[in-house]
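J.: This structure is in structure tokens; I'll ask about it shortly.
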Amino acid sequence: MTDSNLLQGPIHKVHVELGATFAPFGGWEMPVSYAGTVAEHQAVRTTVGLFDVSHLGKATVRGAGAAEFVNSALTNDLGRIRPGKAQYTLCCTPEGGVIDDLIAYYVSDDELFLVPNAANTAAVVAELKKVAPAGITVTDEHREYGVFAVQGPRSTEVLAALGLPTDMEYMAYADAEWDGRPIRVCRTGYTGEHGYELLPRWADAEPLFRALVAEVEKAGGQAAGLGARDTLRTEMGYPLHGHELSLEISPVQARAGWAVGWKKPEFWGKAALEQEKSDGPRRLLLGLKALDRGVLRQGQTVLRDGAPVGETTSGTFSPSLKIGIALALIDTDADIEPGTEVEVDVRGRSLRCEVIRPPFVQPHTS
């Protein structure tokens, strides 16, 4: 059943043809799975998977000094990269909370292309527009481009079969053409595997996706939905906004300080985050591996010797490890280190877990 209030991406009818099951996500009706989440997860880890993530936001910042302006707002330091590269960064409040995490494509000193999360695009655009100096425009292009992710060990051969560029560094991108249509190809992804994200124009998305499906199937892979996307990113310990990052969960607490340009003269939330870093955060993100059978989910209480010490932010069954895993914010004054055994309250039952530092499985992005 379709919720008429939900937005649909440019290739919704293709997902219907492929037999997808759907669910609402960030205001969009999205494919959750086709052949089943575990099978799709394993395809990405062993061969190749294809995701439609066109619900992700898109925005362009243009004008003289656009890169300098964005660098003064978002956390990461654009001075670390160059045109032709992309960077993970955060848009924070003055208090250090996270409005969103996003990817910034450095097109030139006068143009940045941003890919925020679906539900937060309007907020990011609005915050940038508020303070954009004269001559710099911030344009919401949410429905101007599709986004497809080709992820897994055989992703390179899938793109090569379509004549698309593959020979770039991790987090680098190339502007190319496919069948006479412009397309941006970036060597990145949200799975921990070697992979690429493709940005065609919205109107060009369907023929490209159909061509990708054909090549992915030839390579022994399959289309994958948001179910597999979530199990894959959780195994890597990658944050999801609203879970590991939020207005209440800072980059310091989420161990995302690596995406903060601490030496920059300014960015939104700098003073608050520096203070939190100096004082030490009251909680930190850690991983949990279930030692007993059971399903870990978001919002479950973590205990040590019967006393609450934290809460899970994400939880799932790991198809790779075949156990329950979770990410959790743990109170720092509980002095819990990796290797410590804790319990998680799963509907009134105590589930023993080992504390680890993510990732849960070895990444293969390089």
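The values are calculated or read from the model by the stated rules, or taken from the named source; none is laboratory data. Here the structure is a predicted model, which is why all the values come from computation and not from measurement. Glycine gets a Cβ as well: all are built from the backbone with ideal geometry, and neighbour counts include every protein chain shown. The area values use the complete protein model at the heavy-atom level, side chains included, leaving out ligands, DNA and RNA. Shrake-Rupley method; radii C 1.70, N 1.55, O 1.52, S 1.80 Å.
J.: Considering just Cα atoms, how many Å³ per residue does the convex hull of region 95-206 enclose? Please report the intermediate quantities before stating the final value.
T.: Values: hull volume 15.4 nm³, N = 112.
Once divided by residue count, the hull of region 95-206 is 137 Å³.
J.: I've got another one for you. Under a 1.4 angstrom probe, counting protein chains only, how are Tyr170, Tyr196, Tyr190 ranked by accessible area, largest first? Let's see the in-between values first.
T.: Details: Tyr170 85, Tyr196 0, Tyr190 45 Å².
Putting Tyr170, Tyr196, Tyr190 in descending order of accessible area: Tyr170, Tyr190, Tyr196.
J.: ³J(HN,Hα) across region 155-162 via Karplus (A = 6.51, B = -1.76, C = 1.60, θ = phi - 60°), whole Hz, x for Gly/Pro?
T.: For region 155-162, the Karplus curve yields 5, 4, 5, 5, 5, 4, 5, 9 Hz.
J.: Which of Ile325, Ile356, Ile99 moves the most in a Gaussian network model of the chain with Cα springs under 10 Å?
T.: Evaluated over the chain, the most mobile residue of the options is Ile356.
J.: Let me cross-check Leu285: its accessible surface, 1.4 Å probe, with only protein heavy atoms counted, in Å² to the nearest 10?
T.: 10 Å²
J.: Additional query: Do any GluC sites (Glu not before Pro) in region 233-263 lie in a DSSP loop with no more than 12 other beta carbon atoms within 10 Å, and if so, which?
T.: Details: sites: Glu235, Glu244, Glu248; in loops: Glu244, Glu248.
The qualifying sites are Glu248.
J.: Follow-up. Using a 1.4 Å probe, how large is the accessible area of Trp202, given in Å² and rounded to the nearest 10?
T.: Counting only protein heavy atoms, the figure is 50 Å².
J.: Let me know the charge dipole size of the chain about its Cα centre in debye, to the nearest 20, where only the beta-carbon of Lys, Arg (+1) and Asp, Glu (-1) is charged.
T.: On the way: 35 positive and 48 negative charges, 70 e Å.
It comes to approximately 340 debye.
J.: Now, a different point. Anyone know which of Leu232, Leu288, Leu128 comes out most mobile in the 10 Å Cα GNM of the chain?
T.: It is Leu128.
J.: Continuing with this model, one more query. For the pairs Lys130/Lys270; Lys130/Lys264; Lys13/Lys58; Lys218/Lys289, flag any whose C-alpha to C-alpha distance is greater than 24 Å.
T.: Numbers: Lys130/Lys270 18 Å; Lys130/Lys264 21 Å; Lys13/Lys58 22 Å; Lys218/Lys289 35 Å.
Result: Lys218/Lys289 exceed 24 Å.
J.: Continuing with the same structure: Between the alpha-carbon centers of region 123-157 and region 19-97, tell me the distance in whole angstrom.
T.: 8 Å
J.: Follow-up. Hey, got the dipole for region 220-340? About the Cα centre, +1 on K and R Cβ, -1 on D and E Cβ, debye to the nearest 20? Walk me through the numbers on the way to the answer.
T.: Working: 14 positive and 15 negative charges, 94 e Å.
About 460 debye.
J.: Right, another one. Hey, could you get me the Stokes-Einstein D for region 1-104, Kirkwood radius over alpha-carbon pairs, 25 °C and 0.890 mPa s, rounded to whole µm² s⁻¹? Please report the intermediate quantities before stating the final value.
T.: On the way: Rh = 16.8 Å.
Rounded, D is 146 µm²/s.
J.: About the Cα centre, and with charges only on the beta carbon of Lys, Arg (+1) and Asp, Glu (-1), how big is the dipole of region 172-227? Nearest 20 debye, please. Intermediate results must be reported in sequence, preceding the final value.
T.: Numbers: 6 positive and 9 negative charges, 11 e Å.
For region 172-227, the charge dipole is close to 60 debye.
J.: So, one more: For a quick check: with amide H placed at 1.01 Å from N, whose amide H comes under 5 Å from Ser54's, ignoring anything fewer than 5 positions away on the same chain?
T.: The answer is Val147.
J.: Which whole-Hz ³J(HN,Hα) couplings does region 259-266 yield from phi under the Karplus relation 6.51 cos²θ - 1.76 cosθ + 1.60, θ = phi - 60°, glycine and proline marked x?
T.: 9, 10, x, 4, 8, 5, x, 7
J.: Now, a different point. What Kirkwood Rh does region 170-300 have if only Cα atoms enter the pairwise 1/r average? Answer in Å.
T.: Radius from the Kirkwood sum: 18.4 Å.
J.: Figure the gain on full extension for Glu95 and Ala134 (residue separation times 0.36 nm, minus the Cα-Cα span) and round it to one decimal in nm.
T.: 11.4 nm
J.: Can I ask one more? How would His364, His41 line up by accessible area, probe 1.4 Å, largest first? Provide the component values of the computation, followed by the final result.
T.: Values: His364 100, His41 0 Å².
Final ranking, largest accessible area leading: His364, His41.
J.: Quote the convex hull volume per residue of the chain, based on C-alpha atoms, as a whole number of Å³.
T.: Working: hull volume 49.9 nm³, N = 366.
Per-residue hull volume (Cα only) is 136 Å³.
J.: Taking the Cα atoms of region 280-321 alone, what are Rg (to one decimal) and Dmax (as a whole number) in Å?
T.: 11.5, 35
J.: Which far-off residues, 5 or more places away or on another chain, put their amide H under 5 Å from the one on Met30, with H placed in the peptide plane?
T.: Correct list: Ala23, Phe25.
J.: Can I ask one more? Which Cα, out of Leu329, Pro116, Gly57, lies furthest along the positive dipole direction of the chain (beta carbon charges, K/R +1, D/E -1)?
T.: Leu329
J.: Please identify the trypsin sites (Lys or Arg not before Pro) of region 285-332 that satisfy two criteria: DSSP loop assignment and at most 15 other Cβ atoms within 10 Å. Which are they? Kindly include the intermediate steps, with their values, before the conclusion.
T.: On the way: sites: Lys289, Arg293, Arg297, Arg304, Lys322; in loops: Arg293, Arg297, Lys322.
Qualifying residues, ordered by number: Arg293, Arg297, Lys322.
J.: Could I ask something else about it? Give the long-range amide H neighbours of Val346: residues separated by 5 or more places, or on another chain, with amide H under 5 Å away, using H modelled in the peptide plane at 1.01 Å from N.
T.: It is Leu351, by chain and number.
J.: Here's a follow-up. Could you tell me which residue out of Ser155, Leu128, Val98 lies farthest along the dipole of region 96-197 toward its positive end? Charges go on the beta carbon: Lys and Arg +1, Asp and Glu -1, centred on the Cα centre.
T.: Positive-most Cα among the choices belongs to Val98.
J.: Mind listing the phi-derived Karplus ³J(HN,Hα) values for region 112-118, rounded to whole Hz, using 6.51, -1.76 and 1.60 with θ = phi - 60°, and x for any glycine or proline?
T.: 10, 10, 10, 10, x, 6, 3
J.: How much of Val131 can a 1.4 Å solvent probe reach, expressed as accessible area in Å² and rounded to 10?
T.: My reading of the accessible area for Val131 is about 80 Å².
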